[in-house]
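Student: One structure, pasted below without further comment.
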Amino acid sequence: MTVHPAVRAWLERLSLTPRRVAQLGIVLGVLGSWLALPPLRSRLLLWPILVGILAVACGIWAISRAERRVGWGAVAAGLAGVVGGVLATRSSVGHLDAVFAWGALLAATLRFATPLTFAALGGLFSERSGVVNIALEGMMLSGAFFGLWGADVTGSWALGLVIAMAAGGAFGLIHAVFSIHVRTDQVVGGTAINFLALGTTGYLFVKIYGTQGTPPGVAQIPDVHLHWLRSIPPRTIGGFLEQSLGQLNLMIWVSFALLVLSYIVVFRTPAGLRLRAVGEHPQAAETVGISVYAVRYAGVILSGVLASLGGAYLSIGFVHTFNQNMTEGQGFIGLAALIFGKWRPFGAFGAAVLFGFSSALAFQLPVYSASGAVLFQALPYVLTLVAVVGLIGRSVPPAAVGKPYVKQ
């Protein structure tokens with residue numbers, strides 16, 4: 001496609017590189033659907049179609065300039081914007097208001113994203129040290145059971161969290177021994193940990209609680225109430241903030257704090273530099289006096305501790321009960337979020353929020369079709385597969401991850 005020199009000069013003055021044009025196309029694709037959603041609720045088909053076509057045009061222009069990855073993303077976003085906008089304009093306003101109550105939807109998104117965030121942060125420390133950790137699922141499940149059991153026997157949710165962390169750390173230690181010293185295949189070893197946690201927690205749950213299930217009155221992690229947010233002017237913003245952030249569980253705020261702390265530790269401290277050095281080039285790290293084994297043990301055990309906090313949040317902070325295999329693959333989705341975020345804390349959190357939003361939306365969409373509820377529940381897993389497949393060959397992991405190290 002030939003671009004007039006005057007147009008090209010104007011684009012250059014605006015610093016509109018092909019990549020930025022493609023990113024603009026992605027924004028326009030999202031805008032195409034949003035125009036038909038609350039609070040705008042446009043009922044004209046023209047607007048989502050027009051904006052979607054502009055998004056597709058931006059993507060095609062970027063692709064023609066060799067910016068294929070983001071360009072195809074803009075094309076996909078434009079098409080999705082058109083489809084979403086058309087479906088939204090055909091939906092009743094009542095249904096739209098029920099599904100897209102943005103304050104409640106944001107609060108639900110954070111609730112669903114929190115266990116994924118803990119799992120992703122756990123995977124970050126393990127994989128940055130060079131050990132693949134698909135055992136996050138089992139570590140989360142152990143935290144869910146032992147957190148509830150600890151809160152039950154001690155009467156304290158805080159002690160329940162401590163016991164959950166100890167259990168997650170123990171499973172992390174088992175994974176570390178087999179991965180670092182025994183040097184088994186780390187994927188096979190992680191799978192074994194998942195089955196071990198599934199069998200152990202299932203057996204203990206039936207052994208301790210029998211057919212009666214979780215007893216009533218188990219200490220629960222409290223919510224943090226910020227009702228003063230409603231007084232922030234203007235009233236619409238204050239009401240939105242109070243609805244979305246005013247009654248979140250304490251563990252959600254803890255995940256925010258750990259997110260910042262993890263970034264500082266991994267990328268701004270000598271300990272984090274040693275962790276990354278071991279994951280990238282263990283031989284060089286050993287040469288300058290860093291104990292590769294010690295760093296990897298610490299990373300994998302800490303991984304289990306953090307993942308177990310996500311499980312404990314599920315059982316004594318979110319659903320307030322325990323069921324066998326209650327994590328239902330969230331450890332794997334957390335690992336997918338880590339890969340999606342390119343092994344960086346905030347990138348992983350962004351992916352966790354994306355998956356959390358899909359879960360929150362899936363729970364609201366059945367107002368359109370009760371019989372389609374099961375299909376809607378598969379939305380987070382489908383999105384996870386699409387994200388991971390789209391990143392194959394593009395996300396570059398730590399160079400030494402998955403490779404056993406033999407001390408020289």
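The values are calculated or read from the model by the stated rules, or taken from the named source; none is laboratory data. Not measured: the values here are computed from a predicted model. Counting neighbours? That spans all protein chains shown, and the Cβs are built from the backbone with ideal geometry, glycine included. Protein only, heavy atoms only, side chains kept; ligands, DNA and RNA dropped before computing areas. Shrake-Rupley method; radii C 1.70, N 1.55, O 1.52, S 1.80 Å.
Student: Checking Ser91 against (1) modelled with pLDDT under 90; (2) among the polar types (S, T, N, Q); (3) closer than 18 Å to Phe256 by Cβ, which test does it fail?
Tutor: So the condition that Ser91 fails would be (3).
Student: When you go through Leu314, Leu229, Leu309 one by one, which is the residue that is open to solvent by less than 30 Å² (accessible area, probe 1.4 Å), without any contact (Cβ under 8 Å) to a residue 40 or more places away in the chain and either among the hydroxyl-bearing types (Ser, Thr, Tyr) or assigned to a helix (DSSP H, G or I) (or both)?
Tutor: Working: Leu314 fails: without any contact (Cβ under 8 Å) to a residue 40 or more places away in the chain; Leu309 fails: without any contact (Cβ under 8 Å) to a residue 40 or more places away in the chain.
Among Leu314, Leu229, Leu309, only Leu229 is open to solvent by less than 30 Å² (accessible area, probe 1.4 Å), without any contact (Cβ under 8 Å) to a residue 40 or more places away in the chain and either among the hydroxyl-bearing types (Ser, Thr, Tyr) or assigned to a helix (DSSP H, G or I) (or both).
Student: In addition: How many of the residues making up segment 100-120 are open to solvent by 10 Å² or more (accessible area, probe 1.4 Å) and not hydrophobic (A, V, I, L, M, F, W, C)?
Tutor: Of the residues in that region, 1 qualify.
Student: Count, please, the residues in segment 245-275 that happen to be more than 27 Å from Ala312 (Cβ to Cβ) and crowded, with 18+ Cβ neighbours inside 10 Å.
Tutor: Residues that pass the stated criteria total 1.
Student: Condition first: farther than 19 Å from Gly402 by Cα, open to solvent by less than 10 Å² (accessible area, probe 1.4 Å) and out of contact with any strand residue (DSSP E or B) (no Cβ under 7 Å at 6 or more places or on another chain). Can you find one or more residues in segment 156-165 that meet it?
Tutor: Restricting attention to segment 156-165, the residues satisfying the condition of being farther than 19 Å from Gly402 by Cα are 156-165.
The next check asks that each one be open to solvent by less than 10 Å² (accessible area, probe 1.4 Å); those that pass are 160, 164.
Adding the requirement that they be out of contact with any strand residue (DSSP E or B) (no Cβ under 7 Å at 6 or more places or on another chain) leaves 160, 164.
Yes, because at least one residue in segment 156-165 is farther than 19 Å from Gly402 by Cα, open to solvent by less than 10 Å² (accessible area, probe 1.4 Å) and out of contact with any strand residue (DSSP E or B) (no Cβ under 7 Å at 6 or more places or on another chain).
Student: Quick one: count up the residues across segment 283-306 that are of a type outside the set (Gly, Ala, Ser), part of a helix (DSSP H, G or I) and open to solvent by 10 Å² or more (accessible area, probe 1.4 Å). Break it down into steps so the answer makes sense when it comes.
Tutor: Restricting attention to segment 283-306, the residues satisfying the condition of being of a type outside the set (Gly, Ala, Ser) are 283, 286-288, 290, 292-293, 295-297, 300-302, 305-306.
Adding the requirement that they be part of a helix (DSSP H, G or I) leaves 283, 286-287, 292-293, 295-297, 300-302, 305-306.
From the residues that got through so far, the ones that are open to solvent by 10 Å² or more (accessible area, probe 1.4 Å) too are 283, 286-287, 293, 295, 297, 301-302, 305-306.
So the answer is 10.
Student: I would also like to ask the following. Taking the conditions exactly as written (surrounded by fewer than 19 Cβ atoms within 10 Å (Cβ to Cβ), at pLDDT 95 or above and not aromatic (Phe, Trp, Tyr)), does Val278 satisfy them or not?
Tutor: Numbers: surrounded by fewer than 19 Cβ atoms within 10 Å (Cβ to Cβ): no; at pLDDT 95 or above: yes; not aromatic (Phe, Trp, Tyr): yes.
Against the criterion (surrounded by fewer than 19 Cβ atoms within 10 Å (Cβ to Cβ), at pLDDT 95 or above and not aromatic (Phe, Trp, Tyr)), Val278 does not qualify.
Student: Another question about this same structure. What do you reckon, is Val56 within 29 Å of the chain's Cα centre (by Cα), within 30 Å of Ala98 (Cβ to Cβ) and either surrounded by fewer than 18 Cβ atoms within 10 Å (Cβ to Cβ) or not acidic (Asp, Glu) (or both)? Before the answer, list the steps.
Tutor: Details: within 29 Å of the chain's Cα centre (by Cα): yes; within 30 Å of Ala98 (Cβ to Cβ): no; either surrounded by fewer than 18 Cβ atoms within 10 Å (Cβ to Cβ) or not acidic (Asp, Glu) (or both): yes.
In short, no.
Student: Given the conditions (1) in a helix (DSSP H, G or I); (2) in contact (Cβ under 8 Å) with a residue 60 or more places away in the chain; (3) open to solvent by 30 Å² or more (accessible area, probe 1.4 Å), which single one is not true for Gln324?
Tutor: With (1) in a helix (DSSP H, G or I); (2) in contact (Cβ under 8 Å) with a residue 60 or more places away in the chain; (3) open to solvent by 30 Å² or more (accessible area, probe 1.4 Å) applied to Gln324, the lone miss is (1).
Student: With the structure loaded, tell me whether Pro215 is open to solvent by 30 Å² or more (accessible area, probe 1.4 Å), farther than 28 Å from Leu110 by Cβ and part of a loop (DSSP other than H, G, I, E, B) or whether it fails that test. Outline the logic, then answer.
Tutor: Values: open to solvent by 30 Å² or more (accessible area, probe 1.4 Å): yes; farther than 28 Å from Leu110 by Cβ: yes; part of a loop (DSSP other than H, G, I, E, B): yes.
So Pro215 fits the description; yes.
Student: Is there any pair linking a residue in segment 191-212 that is open to solvent by 70 Å² or more (accessible area, probe 1.4 Å) to one that is of a type in the set (Phe, Trp, Tyr) and modelled with pLDDT of 95 or more, with Cβ under 7 Å and at least six apart or on different chains, and which?
Tutor: Listed pairs, sorted by first residue: Ile208/Trp149.
Student: Report, by residue number, each residue of segment 232-244 that is surrounded by fewer than 13 Cβ atoms within 10 Å (Cβ to Cβ) and either part of a helix (DSSP H, G or I) or at pLDDT 85 or above (or both). Outline the logic, then answer.
Tutor: Looking only at segment 232-244, we keep the residues that are surrounded by fewer than 13 Cβ atoms within 10 Å (Cβ to Cβ), and these are 233-237.
Selection gives Arg235, Thr236, Ile237.
Per-residue answers, yes or no, for (1) at pLDDT 80 or above; (2) within 25 Å of Leu105 (Cα to Cα):
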{"position": "His4", "(1), (2)": "no, no"}
{"position": "Pro18", "(1), (2)": "yes, no"}
{"position": "Val21", "(1), (2)": "yes, no"}
{"position": "Leu28", "(1), (2)": "yes, yes"}
{"position": "Ala36", "(1), (2)": "yes, yes"}
{"position": "Leu46", "(1), (2)": "yes, no"}
{"position": "Val51", "(1), (2)": "yes, yes"}
{"position": "Ile60", "(1), (2)": "yes, no"}
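Student: Then there's this: I'm trying to understand the selection: among the residues of segment 168-189, which are touching a Phe, Trp or Tyr at 6+ places or on another chain (Cβ under 8 Å) and over 19 Å from Gly329 (Cα atoms)?
Tutor: Passing the criteria: Leu173, Ala176, Ile180, His181, Thr184.
Student: Only one of Arg65, Arg13 is modelled with pLDDT of 85 or more, more than 26 Å from the chain's Cα centre (by Cα) and over 28 Å from Leu365 (Cα atoms). Can you tell me which?
Tutor: Values: Arg13 fails: modelled with pLDDT of 85 or more.
Checking each option against the conditions leaves just Arg65.
Student: Could you pull out the residue among Gly94, Gly123, Gly85, Gly78 that is farther than 28 Å from Leu24 by Cβ, buried (at least 24 other Cβ atoms within 10 Å of the Cβ) and of a type outside the set (D, E, K, R)? Give the derivation first.
Tutor: On the way: Gly94 fails: buried (at least 24 other Cβ atoms within 10 Å of the Cβ); Gly85 fails: farther than 28 Å from Leu24 by Cβ; Gly78 fails: farther than 28 Å from Leu24 by Cβ.
Just one listed residue meets the conditions, Gly123.
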